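Enquirer: Structure incoming, see below.
The values are calculated or read from the model by the stated rules, or taken from the named source; none is laboratory data. These numbers come from a predicted model, not from an experiment. Here the Cβ is made from the backbone with ideal geometry for all residues, glycine too, and neighbour counts use every protein chain on show.
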Amino acid sequence: MSETSSFKWYVMRAISGKESKVKEYIEAEINNSDLGQFVSQVLIPTEKVYQIRNGKKITKERSCMPGYILIEANLIGEIPHRLRNTPNVIGFLEEKSHHPIPVRQAEVNRILGSVDDLQETGEEMITPFIVNESVKVIFGPFSGLTGVIEEIHEDKKKLKVMVSIFGRKTPLELSFTQVEKEQ
């Protein structure tokens, strides 16, 4: 096996949304051929996020860098060609001479460190609403009223919605789960 110091991190470009398929394919090639001697790790930087759908909290993973995959490899001989020809791969980030350029270790540490930080801080909320959007109250004492979002407080997971009560504009502070987009 080659020297560990000859392994460097590279960035592969993939069709956005197909990163996990590319990773699966490369890992299968590592297990089924000699590619494992030249590729040590394949990573897709992801973070956990959650959304509110139909009043329920749904957790999922989202790519931090859509369309990009980090790969630790020793790119000698035909290895770059084999990796470029993986289904859904566009190519490497490369110089004008069409040779893949390694990413500095400090940059890799920063990317991996930021991903670790995101995992440790918990989940990020994907706000399903925008300011000035019309919403309908679906839960609580003001159920059935419609209004317009004035402010979004992501840290508290609350919305400030202006509704009309008895012909007067009245601000309500509501949870994301208490409203839905008006059709």
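Enquirer: Scanning the stretch 29-44 for residues that are part of a loop (DSSP other than H, G, I, E, B) and buried (at least 18 other Cβ atoms within 10 Å of the Cβ), which turns out modelled with the highest pLDDT?
Expert: Among them, the one singled out is Phe38.
Enquirer: Could you check Pro66 against (1) in contact with a Phe, Trp or Tyr (Cβ under 7 Å, 6 or more places away or on another chain); (2) part of a loop (DSSP other than H, G, I, E, B) and say which number it fails?
Expert: (1)
Enquirer: Is there a residue being free of Cβ contacts under 8 Å to residues at least 40 places away in the same chain, more than 30 Å from Ser175 (Cα to Cα) and over 19 Å from the mean Cα position of the chain (by Cα) anywhere in the stretch 38-57?
Expert: yes
Enquirer: Further question: Which condition from (1) within 16 Å of Val131 (Cα to Cα); (2) basic (Lys, Arg); (3) more than 32 Å from the chain's Cα centre (by Cα) is the one that Lys160 breaks?
Expert: (3)
Enquirer: Go through the stretch 65-109 and give me each residue that's hydroxyl-bearing (Ser, Thr, Tyr) and touching a residue at least 12 places away in the same chain (Cβ under 8 Å).
Expert: Tyr68, Thr86
Enquirer: So which of Pro80, Pro87, Pro102 ends up being more than 16 Å from the chain's Cα centre (by Cα), in a loop (DSSP other than H, G, I, E, B) and surrounded by 12 or more Cβ atoms within 10 Å (Cβ to Cβ)?
Expert: It is Pro102.
Enquirer: Tell me which of these Thr59 doesn't satisfy, since it passes every other one: (1) touching a strand residue (DSSP E or B) at 6+ places or on another chain (Cβ under 7 Å); (2) under 15 Å from Val42 (Cβ atoms); (3) among the hydroxyl-bearing types (Ser, Thr, Tyr).
Expert: (2)
Enquirer: If you check Ile71, Ile26, which single one turns out to be more than 15 Å from the chain's Cα centre (by Cα), surrounded by 17 or more Cβ atoms within 10 Å (Cβ to Cβ) and in a helix (DSSP H, G or I)?
Expert: Answer to the check: Ile26.
Enquirer: Any idea which of (1) surrounded by 15 or more Cβ atoms within 10 Å (Cβ to Cβ); (2) modelled with pLDDT under 75; (3) over 30 Å from Phe139 (Cα atoms); (4) not acidic (Asp, Glu) is the one Ser114 doesn't satisfy?
Expert: (1)
Enquirer: Using the structure shown, decide if Met12 is out of contact with any Asp or Glu (no Cβ under 8 Å at 6 or more places or on another chain) and closer than 19 Å to Gly113 by Cβ.
Expert: When the stated conditions are applied, Met12 does not pass them.
Enquirer: I've got another one for you. Do you know which of the residues in the stretch 72-111 that are basic (Lys, Arg) and farther than 17 Å from Lys23 by Cβ is modelled with the lowest pLDDT?
Expert: Lys96
Enquirer: Right, here's the next one. Out of the residues in the stretch 15-37 that are in contact (Cβ under 8 Å) with a residue 40 or more places away in the chain and aliphatic (A, V, I, L, M), state the one that is farthest from Leu112 (Cα to Cα).
Expert: The extreme case among them is Leu35.
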